[in-house]
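Participant: Mind looking over this structure? Questions follow.
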Amino acid sequence: MLAELSEDAATGEIAGIYAEIRRLWAVPYVSSLQRHLATKPGWLEWSWAALSPAFLSGQAQSAGWRVAADLPLPTMAPIEPWNFGLETDDLRQVAQVCAGFVRVAPVNLMFAGLLRHLLAGERPQGGGWLGDGGPNGDWQPPEALPALPAMVDPALADADTRAALLQLGTEVDGAPFVPGLYRILARWPGYFAHLAQVLAPLFTAPGTDAARAALLSGVDGAVAELFAELPPLPENVMPDAAEIPAILAALDTYRRTSPEMVIFGRLIADASK
């Protein structure tokens, strides 16, 4: 798995950034994208100093959620969760898990897209936004979703569950990366094994390709508009530029997996009702 700085281990400025991300993304956790960036000295702090006005103002979140809201989705057959031992409370948790990733993934795509412009050497010169001063600004995030169940560690899972997780994962720098949506749903092994079988052919289905392309196109357009409005960077030095190729590789991974979180998160929630 990608290296991460856990929320429990975060201190100082990083802990403060994590708290802002939880508040502004309106979820009870920080995504692995930012947790991974935090392992590279100075990079999360520099990135947040540069990009936070787009999120404090709500511009980035609103744009990402708007693009994701009307995606054309592929077809997925209904699932009968009770056949896999799920009960009412389990179904409630599945719905909350899916809702969390559907909410977070478009915002992470906005974050990654804006950061990619910085890594390409572009520097914003915009005027920012009114009301981007934080908790007392004009924009307020929606109510945060409830805490999610713990993720399953693939290394500690039984052989069948681990195989299903890796089937739905990808590879970054020779190491496996399994998105959090799947790692949480794997806590219901029989249900998750069925999901893995159902989802695998959808990865390359025409309907999935169309939804993915629509989401990325919409996000890219919104990112370009927002980047032009970002204020100039604070007077702090970019961290070690030698990290840029590895950061870009991580951003490429999230560009592949984040659309899945939106598309499959919505499909799973609808199919499991």
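The values are calculated or read from the model by the stated rules, or taken from the named source; none is laboratory data. All of these numbers come straight from a predicted model, not from anything done at the bench. A quick note on method: Cβ atoms are made from the backbone with ideal geometry, for glycine too, and the neighbour counts reach across all protein chains shown.
Participant: Would you please name the residue that is nearest to residue 153 (Cα to Cα), looking only at residues in the stretch 200-213 that are of a type outside the set (Lys, Arg), touching a residue at least 24 places away in the same chain (Cβ under 8 Å) and assigned to a helix (DSSP H, G or I)? Break it down stepwise before answering.
Facilitator: Residues of the stretch 200-213 of a type outside the set (Lys, Arg): 200-211, 213.
Those left that are additionally touching a residue at least 24 places away in the same chain (Cβ under 8 Å): 200, 202-203, 205-208, 210-211.
Retained after the next criterion (residues that are assigned to a helix (DSSP H, G or I)): 200, 202-203, 206-208, 210-211.
Values: 200: 20, 202: 24, 203: 23, 206: 31, 207: 31, 208: 27, 210: 32, 211: 29 Å.
My answer is 200.
Participant: Taking the residues in the stretch 237-260 that are in contact with a helix residue (DSSP H, G or I) (Cβ under 6 Å, 6 or more places away or on another chain) and of a type in the set (Ser, Thr, Tyr) as candidates, determine which candidate is modelled with the lowest pLDDT.
Facilitator: Within the stretch 237-260, the match that is modelled with the lowest pLDDT is 254.
Participant: Would you check which residues across the stretch 249-271 are of a type outside the set (D, E, K, R) and either in contact with a Cys (Cβ under 8 Å, 6 or more places away or on another chain) or surrounded by fewer than 16 Cβ atoms within 10 Å (Cβ to Cβ) (or both) and list them? Break it down stepwise before answering.
Facilitator: Of the stretch 249-271, the ones of a type outside the set (D, E, K, R) are 249-251, 253-254, 257-259, 261-265, 267-269, 271.
Selection gives 249, 265, 268, 269.
Participant: Scan the stretch 148-171 and tell me whether some residue there is in contact (Cβ under 8 Å) with a residue 40 or more places away in the chain, closer than 19 Å to residue 84 by Cα and crowded, with 16+ Cβ neighbours inside 10 Å.
Facilitator: At the first step, the residues of the stretch 148-171 found to be in contact (Cβ under 8 Å) with a residue 40 or more places away in the chain are 148-149, 154, 170.
Retained after the next criterion (residues that are closer than 19 Å to residue 84 by Cα): 149.
Next, only the ones that are crowded, with 16+ Cβ neighbours inside 10 Å stay: none.
So far as the stretch 148-171 goes, no, none of its residues is in contact (Cβ under 8 Å) with a residue 40 or more places away in the chain, closer than 19 Å to residue 84 by Cα and crowded, with 16+ Cβ neighbours inside 10 Å.
Conditions (1) closer than 20 Å to residue 49 by Cα; (2) part of a helix (DSSP H, G or I), marked per residue:
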| position | (1), (2) |
| --- | --- |
| 176 | no, no |
| 187 | no, no |
| 193 | no, yes |
| 198 | no, yes |
| 215 | no, yes |
| 244 | yes, yes |
| 249 | no, yes |
| 261 | no, yes |
| 267 | no, yes |
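Participant: For the stretch 1-119, which helices (runs of 4 or more DSSP H) that fit wholly inside it have 3 or more residues that are among the aromatic types (Phe, Trp, Tyr) and under 13 Å from the mean Cα position of the chain (by Cα)? Before the answer, list the steps.
Facilitator: Numbers: elements: 12-25, 32-37, 43-56, 59-69, 88-119.
Counting at least 3 such residues, we get no helices (runs of 4 or more DSSP H) at all.
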